[in-house]
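One structure is given here, and the rest of the page talks about it.
The values are calculated or read from the model by the stated rules, or taken from the named source; none is laboratory data. Here the structure is a predicted model, which means the values were calculated and not measured. Here the Cβ positions follow ideal geometry from the backbone for every residue, glycine too, while neighbour counts run over all protein chains shown. The accessibility values were calculated without ligands, DNA or RNA, using every heavy atom of the protein model including side chains. Shrake-Rupley method; radii C 1.70, N 1.55, O 1.52, S 1.80 Å.
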Amino acid sequence: MTLTIEQFKEEFSQTFEGLYAFDLAQSSPIQQYTALGNFLKVYSSDNWNNTNQEYLDKQVKQVYYFSMEFLPGRMLKSNLLNLGILDTVRSGLKEMGLDFEEIVQAEVDPALGNGGLGRLASCFMDSIASLGIPGNGNGIRYRYGLFQQKFVDGYQVELPENWLRNGNVWEVRKENKAVLIRFGGQVSLVKGAAGNLKPVYTQTQNILAVPYDTGMIGYQNEVVNNLRLWSAEIPPEEEIHYHTIAEREQVNQITEVLYPDDSNYEGQVLRLRQEYFFTSAGIQSIVRYYKQSGLAWQHFPDKIAVHINDTHPALCIPELMRILLDEENLSWEQAWEITKKTMSYTNHTILQEAMEKWPVQMVQDLLPRIYQIIEEINHRHIEKKLLSYTPELTYRTAIIADGYVKMANLAIIGSHSINGVAQLHTEILMQDTLKDFYQMYPAKFNNKTNGITQRRWLHLANEGLTKLIDEKIGTAWKTSPSELKLFKAFVNDPATLDRLAEIKLANKKTLAAYIKQEFHMKLDPTALFDVQIKRLHAYKRQLLNALHILDRYLQIKDDPEAVIQPRVFIFGAKAAPSYVYAKQIIKLINAIADLVNHDPVVGDKLKVVFVENYGVSLAELIIPAAEVSEQISLAGKEASGTSNMKLMLNGALTVATLDGANVEIRDFVGEENMFLFGLNDQEVYAFYENGSYHSREIYENNPRLHRILDTLIDGTIPNIETEGRVIFDSLVYYNDEYFVLKDFDSYVAAQEKVDQLYQDVGSWNQKSLLNIASSGPFSADFTIKRYAEEIWKTSFFTPGAYQKIHLTEPI
Ligand code: 26V
């Protein structure tokens with residue numbers, strides 16, 4: 001089906017009239033966007049319907065990706081690209097006198113995730129559809145997304161993110177597919193007719209889970225998969241039981257807002273409600289779907305794979321057990337076999353403070369039947385393992401211990417696969433964090449290094465670079481990402497290198513124009529653009545970056561005449577509202593920006609920009625303009641990172657510790673094409689072990705660092721009395737938990753090399769080109785292929801005429 005420009009104009013006008021019944025010329029960009037979204041929904045509806053129908057008819061195995069977060073970014077352009085009508089629609093709108101970019105900007109960017117984990121889920125949804133894998137997303141339709149960030153006097157202030165203000169064109173409400181979720185009350189087991197025990201519930205609170213479905217459109221392959229997000233409502237037949245506003249509010253609250261903390265576990269009952277709400281809804285709807293097939297229960301794992309994205313959906317395990325036992329009357333042994341074969345789990349963090357564990361009492365009160373089942377899983381696990389392992393080791397793997405239900409332990413015991421998200425991360429899980437489990441179940445453990453979708457992060461975000469690559473190596477890389485390596489052939493071609501530099505400059509100018517307009521700051525686009533974009537967390541060490549900026553500032557002040565490579569330091573980061581230290585770092589960086597940016601001695605040599613409200617859309621603007629990518633977490637702390645991959649793909653050179661997927665970046669591009677520094681994970685562990693790190697000694701013995709640190713407390717940086725003191729103390733007197741001072745010298749040395757290389761424009765561009773050409777292996781298409789083949793055992797099924805993606809292993 002090809003759409004001509006004329007057809008598009010005709011059909012789009014009709015859609016608009018049908019919706020608004022007035023002249024298009026008088027409409028707002030939001031209305032134009034809404035009409036275009038509706039047009040696309042209709043345009044892709046046959047494919048959506050056919051995909052569903054074929055999955056059903058052919059009874060193919062389907063995967064359900066359960067994730068508490070999805071961070072899709074704006075969907076208009078990527079849907080147009082994937083439908084293969086981006087150029088047609090762009091031209092059509094132009095002929096109609098409409099501004100395409102303005103329409104694109106009118107879409108809200110749904111911030112239904114915190115960061116890496118949610119964005120990964122959305123990259124995966126794109127790849128799953130693009131590879132023609134029968135797959136579904138399952139999550140929560142939060143009424144409010146991640147807070148909007150504003151800076152007031154340099155402090156982060158959080159505002160509600162009402163992303164549904166203008167409606168959501170992409171979703172379809174399906175109240176006919178709603179399911180009931182039971183909370184609280186009492187449960188007792190009584191003997192049923194067949195002699196088996198049946199639970200009887202009393203005084204439960206019943207809540208309706210209503211699904212909203214969004215089509216996940218594959219890349220030009222006629223596949224449209226489904227993302228199902230659940231919303232909590234009062235069941236119509238139970239309206240009568242909800243008398244007070246408070247009672248009604250309690251229901252709405254469940255899907256009201258995304259928890260904005262991505263690194264700190266808090267045992268809040270509302271979060272547990274959210275977790276059970278969407279897992280129970282998802283599992284119930286899967287079971288209902290499966291029952292249509294008429295197949296016996298033992299075939300369930302041949303038709304269904306459930307993936308648990310971090311521990312947040314781990315209640316999938318007892319919930320499937322509950323349904324199989326209580327509603328379908330399977331024996332424990334049968335139900336357990338089916339459940340284990342169905343479930344797989346990805347771990348996304350090694351930070352102890354982020355490990356979910358729920359107080360036993362809370363689980364018992366909120367989910368009495370689920371708690372019984374978890375208890376039984378735990379009991380059987382311990383009993384069985386005591387036969388082969390020491391009591392110490394066995395009890396360390398208990399799901400219920402010290403008054404808590406440990407979600408990672410549940411996820412591991414109840415799944416057939418557990419994976420980390422980069423080689424080093426998986427290694428650390430096996431050797432350290434989860435070593436007891438690794439000993440018990442070595443075969444369950446595997447690595448799946450994260451990936452990103454080149455279609456959004458290069459093709460759509462960086463049209464200039466895309467055009468150049470297309471000209472040089474053709475367009476096959478969009479469906480065969482390993483082909484990007486063909487671009488290496490141009491590493492000695494001056495014309496290509498010049499073009500690369502022109503494109504980067506153009507992207508820097510676009511970003512500079514945005515920053516001028518939004519933040520009233522003038523940037524020199526010929527300065528080096530250095531970027532650190534990620535959640536604000538002490539382990540990610542934005543502070544190390546800040547200390548380096550202060551170092552430069554002091555140098556310029558000491559010797560204003562010295563020649564120095566001008567640099568713009570760009571930060572984008574939200575801090576969890578309750579994470580006081582992270583917010584203090586934001587304040588510090590904003591204060592440094594204030595000081596540096598207004599100092600006439602400094603001029604254009606040094607600028608610091610902290611963009612407000614960093615998210616997917618801003619990433620799309622910043623990444624193509626970046627020249628240096630800051631990946632400077634303390635080794636052993638960052639599970640993978642994915643902005644590192646996006647920045648590399650867009651030609652930035654990476655300054656990095658050997659942490660997370662930086663290790664694979666080094667393997668692919670070679671360490672001569674990046675700037676490595678700092679301790680490695682083994683060295684960090686050695687310091688932990690022998691307690692031989694004393695940050696105060698560094699402060700006392702390193703005059704350069706001493707002077708920098710003093711600026712935090714001596715008034716050099718105005719308006720940070722409290723923050724400066726807290727940060728100084730954490731680094732000097734509380735022994736610098738993340739080794740910022742320890743890594744400082746080697747970081748600065750790496751940064752000096754950056755400056756030197758930047759003077760050699762030719763070499764810089766060569767390395768930039770090599771980074772782009774070496775980033776093919778980070779395609780999420782590869783990652784998903786491995787998940788599908790090695791974990792889910794789903795086939796690459798294409799309902800449409802053809803499958804476009806060709807995956808030859810990159811190396
Ligand atoms: C964690 C927690 C833990 C406490 C409860 C609330 C909550 C909410 C969200 C999260 C997500 C944190 C995990 C996460 O985002 N990890 C990141 O995952 C990326 C994708 O695998 C990876 O690239 C990053 O390195 C990792 O930090």
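Here are the numbers for the structure shown:
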{"read-out": "Linear extension gain, His379 paired with Leu3, 0.36 nm per residue minus alpha-carbon span", "value": "129.3 nm"}
{"read-out": "Listed residues Lys485, Lys472, Lys191 arranged by accessible area, highest first, probe 1.4 Å", "value": "Lys191, Lys485, Lys472"}
{"read-out": "Beta bridges by DSSP in the chain, antiparallel share as percent, to the nearest 5", "value": "45"}
{"read-out": "Distant-in-sequence amide H partners of Ile304 (H built 1.01 Å from N, under 5 Å)", "value": "Gln62"}
{"read-out": "At R0 = 25 Å, FRET efficiency that the Cβ-Cβ distance of Leu180 and Ala246 yields, to 0.05", "value": "0.70"}
{"read-out": "For the stretch 525-596: relative contact order, % (alpha-carbon pairs under 8 angstrom, 6 or more apart)", "value": "49"}
{"read-out": "The stretch 455-570 - percent of accessible surface contributed by carbon and sulfur, probe 1.4 Å", "value": "53"}
{"read-out": "Solvent exposure of the stretch 220-314 as accessible area per residue, Å², 1.4 Å probe", "value": "39"}
{"read-out": "Amide H within-cut-off set for Val405, under 5 Å, with H built and near neighbours excluded", "value": "Trp358, Val360"}
{"read-out": "Length added when fully stretched, Ala686-Gln292, from 0.36 nm per residue minus Cα-Cα", "value": "136.2 nm"}
{"read-out": "Rg ratio (alpha-carbon, reference 2.2 N^0.38 Å) - the stretch 335-453", "value": "1.08"}
{"read-out": "Net charge of neighbours whose Cβ lies under 14 Å from the Cβ of His694, counting Lys and Arg as +1 and Asp and Glu as -1", "value": "-2"}
{"read-out": "Percentage relative contact order, the stretch 448-527, counting C-alpha pairs under 8 Å, at least six apart", "value": "19"}
{"read-out": "Gap separating the Cα centres of the stretch 710-737 and the stretch 26-82, nearest whole Å", "value": "50"}
{"read-out": "The stretch 263-336 and the stretch 378-453: distance between their alpha carbon centers, rounded to Å", "value": "19"}
{"read-out": "Thr204 accessible area, assembled protein chains, probe 1.4 Å, Å²", "value": "40"}
{"read-out": "Percentage relative contact order, the chain, counting C-alpha pairs under 8 Å, at least six apart", "value": "15"}
{"read-out": "Of the trypsin sites (Lys or Arg not before Pro) in the stretch 127-165, those whose Cβ has at most 16 other Cβ within 10 Å and which sit in DSSP loop", "value": "Arg165"}
{"read-out": "Solvent-accessible area, 1.4 Å probe, carbon plus sulfur percent, for the stretch 107-172", "value": "52"}
{"read-out": "Added length on full extension, which subtracts the Cα-Cα distance from 0.36 nm per residue, Val157 to Asp470", "value": "108.4 nm"}
{"read-out": "Largest to smallest accessible area among Arg288, Arg552 [probe 1.4 Å]", "value": "Arg288, Arg552"}
{"read-out": "In sequence order, calculated HN-Hα J values of the stretch 317-322 (Karplus, 6.51, -1.76, 1.60; Hz; x Gly/Pro)", "value": "5, x, 5, 5, 4, 4"}
{"read-out": "Karplus-derived HN-Hα couplings along the stretch 493-499 (A = 6.51, B = -1.76, C = 1.60, θ = phi - 60°), whole Hz, x at Gly and Pro", "value": "9, x, 5, 5, 5, 5, 4"}
{"read-out": "Hz values of 3J(HN,Hα) by residue in the stretch 634-651 - Karplus curve (6.51, -1.76, 1.60), Gly and Pro given as x", "value": "5, 3, x, 10, 8, 4, 9, x, 9, 5, 4, 6, 5, 5, 4, 4, 9, x"}
{"read-out": "Under 27 Å between alpha carbons - lysine pairs in the stretch 261-387 that sit 8 or more apart or on different chains", "value": "13"}
{"read-out": "Sulfur and carbon atoms: percent of accessible area, the stretch 197-267 [1.4 Å]", "value": "53"}
{"read-out": "Cross-link reach list, lysines versus Lys448, counting only Cα pairs under 16 Å and skipping chain neighbours closer than eight places", "value": "Lys785, Lys793"}
{"read-out": "Intensity falloff of the stretch 518-624 expressed as log10 I(q)/I(0), Debye formula with alpha-carbon point scatterers, at q = 0.12, 0.19 Å⁻¹", "value": "-0.40, -0.98"}
{"read-out": "Residues with amide H under 5 Å from that of Asn226, placed H, sequence gap 5 or more", "value": "Gly135, Gly137, Met216"}
{"read-out": "Dimensions (Å) - the stretch 363-417, Cα atoms, principal axes, largest first", "value": "34, 25, 16"}
{"read-out": "Stokes-Einstein diffusion coefficient of the chain, Kirkwood radius over Cα pairs, 4 °C, 1.567 mPa s, in µm²/s", "value": "46"}
